[in-house]
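Peer 1: Below you will find the structure I want to go over with you.
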Amino acid sequence: MSQKRNLPSWISSRDPPHPQPESKKKPKDDADDEHNIRNAPQSSSTTTDFSKLLEGVVFVLSGFVNPERSTLRSQALAMGATYQPDWNSDSTLLICAFPNTPKFRQVQSNSGTIVSKDWIAECYTQKKLVDIEQYLLHAGKPWRKTSAPQNTTIRVEEPFSVTEVKKWARDDLTETISWLESQEEKPAPGEIKRIAAEGVLTCLQDAIDSLEQKKDVGSVTELWSFVPRVVKELGKMESSSKTENSTASKDQLCKQAKSWKKIYEAELAQKGDEEEEEAKSRRTSGVASGYDSDETVEMTEEEIEHAYRNVSVDKVEANSTPSLSLSLSSASSASSLSCPRTMGAPLPPKEANLFKLIVKSYETKQYKKGLKAADAILKKFPSHGETLSMKGLTLNCMDRKTEAYELVRHGVKNDIKSHVCWHVYGLLYRSDREYREAIKCYRNALRIDPDNLEILRDLSLLQAQMRDLSGFVETRQQLLTLKPNHRMNWIGFAVSQHLNANASKAVEILEAFEGTLEDDYPPENELCEHTEMIMYKVSLLEESGAFGKALEELHKNEPKIVDKLSYKEQEAYLLWKLGRPAEASKLYRVLLSMNPDNYRYYEGLQKCLGLYSESGQYSSDRIEKLNALYQSLSEQYTRSSAVKRIPLDFLQDERFKEAVAKYIKPLLTKGVPSLFSDLCSLYDHPRKPDILEQLVVEMEHSIRTTGSYPGSDVKEPPSTLLWTLFFLAQHYDKRGQYDAALGKIDEAIAHTPTVIDLYSVKSRIMKHAGDLTAAAALADEARCMDLADRYINSECVKRMLQADQVYISVTSAEKTAVLFTKEGDQLNSLHDMQCMWYDLASGDSYFRQGDLGRALKRFLAVEKHYSDISEDQFDFHSYCLRKMTLRSYVGMLKFEDRLHSFPYFHKAAIRAIRCYLKLHDTPKSTAEEDEMSKLAPAQKKKMKKQKKAEARAKKEAETKIEESTASGVSKSGKRNVKPVDPDPHGEKLIQVEDPMAEASKYLRLLQKHSPNSLETHLLSFEVNMRKEKFLLAFQAVKQLLKLDAENPDSHRSLVKFFLKTGSTSAPTTEAEKLRCSVLEAERPSISQLQNKSLVEANKEFLGRHEDSLVHRAAYAEMLCLLDPSKKTEAIKLIEDSTNKVVQQTNGAHGLAREWKLKDCIAVHKLLETVFLDSEAASRWKSRCAEYFPFSTHFEGKRSSVMPDSVYNSSLKSNENGDTPNHPMGQTELNDGQLEAFKSLTVST
Amino acid sequence: MGTGREASVSLDGVRDKNMMQLKKLNTVLFPVRYNDKYYADAISSGEFTKLAYYSDICVGAIACRLETKGGTMRVYIMTLGVLAPYRGIGIGSKLLNHVLDMCTKQNVSEIYLHVQTNNEDAIKFYKKFGFDITDTIPDYYINIEPRDCYVVTKSFAQI
């Protein structure tokens, strides 16, 4: 039972497990417990009788469990206190483990005094009465019985009543005034009261100061010509206690003096109120009308004190806005009136109060008020550092950044020893997301005030944000050491250890914390938080591999866990992990009965039964078993769709056909547009698509002829045929049979022309077939059919952008895009919504059209969104710890860590790098002309038109901005006006000095977060070759070969690299020599090269992929590169490629061929721009036009570039929506059916 | 024609946002292109213009114009039609019944329409709902044969 404090031995400050940073080093002598000693009496306490230290204290314990409980009790009893099990009228002191235990609240409402156990422990170890103040959790009635006489300490109770002291204050004030008025140099009449009050308070403060320094009060009274009553009283008390000659008495006296001072301050402030009122009314009438008169500028000391206390205790944790509760001690300590001001010296009381007001105003966002107070102080003390800093901070919130930085820097300079200044400086940086700088500032502040909780807490948030994990652990540990009675500090420390990859340590901490809890914990209203903590602990145990212990913990706490679902899921998982599949599978079945559509439960069950494989490949034996399992499950859960869908993944051939037919039919009948997407994954299987095709074609035929599914008598509703056709269209689209797909979708549209999905799918088919213009027109048609549908609107915008209709046509993409944005700043609002698909698609479009500035702008916007997302986590560091949403919090942090590996970022970064590559390759001045000269005349015209449109749009935008700023000002004053983008078209972006340096920035992110992407290394190769960083380029080549050695681009890079490095002149510098030797050493390790020449390697590459178009093209390109004289041979090789027909089970609907449209376009571009053979290119084009009749690129005869196409932009379908595919009048008016009817009218 | 199961048919009003549905229907149902006034009248008729949805697919519509004549309200059915595959399952009746209900509720004096003289199915259909041929207008249609039409009317007894 030698436990001194409630901290486990490994985190006690005596034996720190981590080396303490320099700032925290303490002199050796008070290493025992530095923070207590600072405020405790310094002298020895031998004079006090240890066994009577706590005489008269009747205490109650709350929140402790044994053995701690008994330790505390015996310690307190040893010091003379009396123990009571429950709180009653006799009790004087509650010793509490942490706030808000039921007892805590009871005692609080009885206004009893509550103290943390550390006080007892400190008193016990130091063998003296330690100052209780800083251990108080709640200050109430005296904590010691008054009847118990104490000879060791002065009586703590007030010897004079508050009203009496108040009277002194009033008397002192009047007397001081009359004294002042009797002087020769008297102050101005308006000022006299204030100065008198200040004088009284200053004199009192002097007395306090001298008491604190263990000097006599008498020394102060000698210096003052007028001594207030209160100081006189102090003097009297001092002399009366002189005989006992204990330093403790001075402490008590000092305390007494301080409490009197508070009364005085309140009283004097009130006294001055009447005048202030008057003055205020005078002031407000003079101030501009914009001043809010309901804001009370002046507050009484009490109000300020009260508000301040509230703010500092609650809001700091509760608020995510940068809060600060600066310890004001330095600012409020006094000096005499006549003292000359020095830098960093404390302020007189009046100003000190004003200073508190600034802080409070900042917290409550009443910036104007704060600014006023700051100016009032600065008028008198223009170089007061802390005020300057606070003023700066306030200005920062009013969007006056430059001034703010100036002031805060000025403040720090004037008072470099003030932690307040440094703290403010840190906050300022933090508000600008300059976290590294902010951390530095906080560290400086902590050097001055190492135990400042606010600063430590702020620092810990920054460290969590910056993932300075070891620093985070350290700060969190310090916070816990300082305030072990806060749950949040325990949790925070545990989380920090967890993040720092020390899950088992985190468990230990949580266990230590649990040790401090009472048996009846948690109270009703904290059940959820407690559940979360237990579940977090279980997940920690699981993470550290202690499955058995995790399960034990889970079972032990079952009654306390309110999240029963998580409990069961976790239990089932742990059981499985522990090799107890029978029990686990039972649980999974229970879970399934709760939610039979959760795929994870099925997966868990399969795992338990040993019927799970990661790849989805199963032996026929296991398929049998699986089938039986799902058969029985489907009988149990008839309404579950998961139980029907999952077997489609593992069943084969006939079984599959049977199951899929059973699955599809009801969905076609019901009309589920997403059916195809649901089954899309089956198309990866070699045989399943054929089975599906056969099946659905049979269905179509049967429904057409009999109105029912094959082998059924039940008549299907008319919509079944529609959905069957719809499914088939998507099926053929997926298989690349666009002709057949279009046939089916047109039939469906003729059947029911009002179904929007049909047009969307047709648009998609057109896109796949290579006709982007038609796709955009169709998407627009779909959009017009439901103007309230955001999804089809977005889809339409995307198609328009893909067709590069950014700003040319009337129904341009931008105009459509803003249809769903808020009115006002339209495209900005798209940006605010972090609409990344739009940024990417429009960036791509600009890139294709050669507008690198705008393209870059869009791609970098995506990057900005990602940094915003990463920024957004900041608020959660404090929120989640407080709200105890620990599992989600840690999950969120892990998500943020891999944020940049997400596809949108990956895409944006790749495209941005491509932009920079292009910028690098085209010299700035000539870039534009080049672009123009390369284009065909028709395109030139288009460009010009586009430029004109741009200019017009620019002008429009400018006027709009002007308007909006004008109206914005009038409406909301100077605030809320968005800063106008100074570079809306990215013109500045393309002026970048060194595009490759910019590219490298993004490349690094890609390399870090997407190391498995071929494109990452491809770009790394391109960038580093341009920068002539050959070793880095070589690294990229090696990565490419490792990822996919047979990829044509890998091959290209390999050949290009060795061609380039082989051709450079003999190495001259040391670095070059080194490089050559490295390459020479590495070359044999590349299996593609070994002892072969590049030409041979190229030939071998072709040998391995003789049938593949893309590989042939790569070979040909390299062949020509290695030996330009072989150009004809290279071109012939490409042209000799054959486009084979892919084997199809039914050839009725056109043949699907092997070549992909995008590869053919790439080859076309290769012929055009690399081989520079326009004849070969046009031969290639007409050949591909056969293969891809819908392709606009190859000008296929069914594409929209053909003059007779309905989608040709000159006669594009108008918004009346007559679909050209089924000309009007096709539907018969008088078809013979019984109730069919028609009423025709011509509008009159 | 029977159905495999009961599919729900529901009605919905016409607004700016879904007007294209009505246009699509009219494009395939009628050989006449309607002008903007038609659509404006339809929307302003409120409850008297409805789209019919067959398991969430828009398959038919009734569009009316409200007229006032001598202080009483008349309803003119501009169009009523159902897509061919969805005919014979009572959708047209449902649409017309809805409008007739609205007429009684709103004290409409009479409801009428024009039908091409050879459209016997339509005439038969309307007669079932209490409509009668009240007039014949020669050469009403310009582009289609026969060019004559009947005026088919149903009057509501005024209470």
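Peer 1: So which residues in the range A:884-898 are surrounded by fewer than 15 Cβ atoms within 10 Å (Cβ to Cβ), in contact (Cβ under 8 Å) with a residue 60 or more places away in the chain and part of a helix (DSSP H, G or I), if there are any at all?
Peer 2: Within the range A:884-898, just A:ASP897 meets the criteria.
Peer 1: State yes or no: is A:ILE869 within 14 Å of A:ARG1004 (Cα to Cα), of a type outside the set (Gly, Ala, Ser) and out of contact with any Pro (no Cβ under 9 Å at 6 or more places or on another chain)?
Peer 2: No, not satisfied.
Peer 1: Right, here's the next one. Counting just the residues of the range B:110-126 that are of a type in the set (A, V, I, L, M) and touching a helix residue (DSSP H, G or I) at 6+ places or on another chain (Cβ under 8 Å), which one comes out farthest from the other protein chains (Cβ to nearest Cβ)?
Peer 2: Across the range B:110-126, the extreme among qualifying residues is B:ILE111.
Peer 1: Which one of these is at pLDDT 90 or above, in a loop (DSSP other than H, G, I, E, B), within 11 Å of chain B (Cβ to nearest Cβ) and farther than 22 Å from B:LEU25 by Cβ: A:VAL672, A:VAL714?
Peer 2: Residue meeting the stated conditions: A:VAL672.
Residue by residue, here is whether (1) surrounded by 14 or more Cβ atoms within 10 Å (Cβ to Cβ); (2) within 21 Å of A:VAL890 (Cα to Cα) holds:
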site	(1), (2)
A:ALA546	yes, yes
A:LEU551	yes, yes
A:ASN557	yes, no
A:ASP563	yes, yes
A:LEU575	yes, no
A:ALA582	no, no
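Peer 1: Find all pairs meeting these conditions: Cβ atoms under 6 angstrom apart; at least six residues apart or on different chains; first residue within the range A:661-688 and under 29 Å from B:TYR53 (Cα atoms); second residue small (Gly, Ala, Ser).
Peer 2: Every condition considered, the pairs that remain are A:GLY671/A:SER719; A:GLY671/B:SER55.
Peer 1: Something else: Among the residues of the range B:11-37, count how many are under 19 Å from B:HIS114 (Cα atoms) and more than 7 Å from chain A (Cβ to nearest Cβ).
Peer 2: Adding up the residues that qualify gives 2.
A quick yes/no check of all residues on (1) at pLDDT 90 or above; (2) under 24 Å from A:SER712 (Cα atoms):
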position	(1), (2)
A:ASP621	no, no
A:ASP653	no, yes
A:ALA659	yes, yes
A:CYS680	yes, no
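Peer 1: Do we find that B:LEU66 is surrounded by 13 or more Cβ atoms within 10 Å (Cβ to Cβ) and over 20 Å from B:ILE43 (Cβ atoms) in this structure? Walk me through it before giving the result.
Peer 2: Details: surrounded by 13 or more Cβ atoms within 10 Å (Cβ to Cβ): yes; over 20 Å from B:ILE43 (Cβ atoms): no.
The answer is no for B:LEU66.
Peer 1: OK, next. Looking at (1) within 7 Å of chain A (Cβ to nearest Cβ); (2) in a helix (DSSP H, G or I), which is the only condition B:ALA40 fails?
Peer 2: (1)
Peer 1: Across the range B:83-95, which residue is farthest from B:VAL9 (Cα to Cα) among those that are surrounded by fewer than 21 Cβ atoms within 10 Å (Cβ to Cβ) and more than 7 Å from every other protein chain (Cβ to nearest Cβ)? Lay out the reasoning, then the answer.
Peer 2: The initial filter retains those residues of the range B:83-95 that are surrounded by fewer than 21 Cβ atoms within 10 Å (Cβ to Cβ), namely B:84-85, B:88, B:90, B:93-94.
Applying the additional criterion that residues be more than 7 Å from every other protein chain (Cβ to nearest Cβ) yields B:90, B:93-94.
Values: B:GLY90: 9, B:SER93: 11, B:LYS94: 9 Å.
Ranking the candidates gives B:SER93 first.
Peer 1: Just to be sure I understand, how many residues within the range B:43-55 are over 16 Å from B:ASN97 (Cα atoms) and within 9 Å of chain A (Cβ to nearest Cβ)?
Peer 2: Matching residues across the range B:43-55 total 2.
Peer 1: Moving to a separate point now. Does A:TYR367 fit the bill of being surrounded by fewer than 24 Cβ atoms within 10 Å (Cβ to Cβ) and within 41 Å of the chain's Cα centre (by Cα)?
Peer 2: For A:TYR367, the condition - surrounded by fewer than 24 Cβ atoms within 10 Å (Cβ to Cβ) and within 41 Å of the chain's Cα centre (by Cα) - is met.
Peer 1: Somewhere in the range A:980-1000, is a residue part of a loop (DSSP other than H, G, I, E, B), modelled with pLDDT under 70, farther than 30 Å from A:GLU1046 by Cβ and among the aliphatic types (A, V, I, L, M)?
Peer 2: yes
Peer 1: Is it the case that A:GLU552 is charged (D, E, K, R), without any contact (Cβ under 8 Å) to a residue 60 or more places away in the chain and in a helix (DSSP H, G or I)?
Peer 2: So A:GLU552 passes the test.
Peer 1: Sticking with this one: Before we move on, is A:ARG639 basic (Lys, Arg) and assigned to a loop (DSSP other than H, G, I, E, B)?
Peer 2: Here the answer is yes, as A:ARG639 does meet what is asked.
Peer 1: For the range B:56-73, which residues satisfy the criterion of being touching a strand residue (DSSP E or B) at 6+ places or on another chain (Cβ under 9 Å), part of a strand (DSSP E or B) and within 13 Å of another protein chain (Cβ to nearest Cβ)?
Peer 2: B:CYS58, B:VAL59, B:GLY60, B:ALA61, B:ILE62, B:ALA63, B:CYS64, B:ARG65, B:GLU67
Peer 1: I've got another one for you. Restricting to the range B:130-144, name every residue that is away from chain A (no Cβ under 11 Å) and not β-branched (Val, Ile, Thr).
Peer 2: Answer for the range B:130-144, where residues must be away from chain A (no Cβ under 11 Å) and not β-branched (Val, Ile, Thr): B:GLY130, B:ASP132, B:ASP135, B:PRO138, B:ASP139.
Peer 1: Suppose we filter the range A:105-126 for residues that are surrounded by 16 or more Cβ atoms within 10 Å (Cβ to Cβ) and closer than 20 Å to A:THR71 by Cα; how many remain?
Peer 2: The first filter runs over the range A:105-126 and keeps only residues surrounded by 16 or more Cβ atoms within 10 Å (Cβ to Cβ), leaving A:107-108, A:112-124, A:126.
Going one step further and asking which of them are closer than 20 Å to A:THR71 by Cα, we end up with A:114-124, A:126.
Qualifying residue count, the range A:105-126: 12.
Peer 1: Which residues, counting only those in the range B:79-94, are farther than 23 Å from A:LYS715 by Cβ and not β-branched (Val, Ile, Thr)?
Peer 2: B:LEU80, B:GLY81
Peer 1: Could we say that B:LEU80 is modelled with pLDDT of 90 or more, surrounded by 22 or more Cβ atoms within 10 Å (Cβ to Cβ), closer than 21 Å to A:HIS751 by Cβ and within 11 Å of chain A (Cβ to nearest Cβ) here?
Peer 2: yes
Peer 1: When you look at B:ASN107, is it more than 8 Å from chain A (Cβ to nearest Cβ), at positive phi and surrounded by fewer than 14 Cβ atoms within 10 Å (Cβ to Cβ), yes or no?
Peer 2: Spelling it out, B:ASN107 is indeed more than 8 Å from chain A (Cβ to nearest Cβ), at positive phi and surrounded by fewer than 14 Cβ atoms within 10 Å (Cβ to Cβ).
Peer 1: Let me ask you something else. Sort through A:THR1128, A:THR1138 and tell me the only one that's more than 48 Å from the chain's Cα centre (by Cα) and modelled with pLDDT under 80.
Peer 2: After ruling out the rest, the residue left standing is A:THR1138.
Peer 1: Given the criteria surrounded by fewer than 17 Cβ atoms within 10 Å (Cβ to Cβ), touching a residue at least 40 places away in the same chain (Cβ under 8 Å) and more than 43 Å from the chain's Cα centre (by Cα), does A:GLN737 qualify? Show your work before the answer.
Peer 2: Numbers: surrounded by fewer than 17 Cβ atoms within 10 Å (Cβ to Cβ): no; touching a residue at least 40 places away in the same chain (Cβ under 8 Å): yes; more than 43 Å from the chain's Cα centre (by Cα): yes.
Taking the combined requirement at face value, the residue does not satisfy it.
The values are calculated or read from the model by the stated rules, or taken from the named source; none is laboratory data. Note that the coordinates shown come from a computational prediction; the quantities given were computed from them, not determined experimentally. All Cβ positions, even for glycine, are placed from backbone atoms using ideal geometry, and neighbour counts span all protein chains on display.
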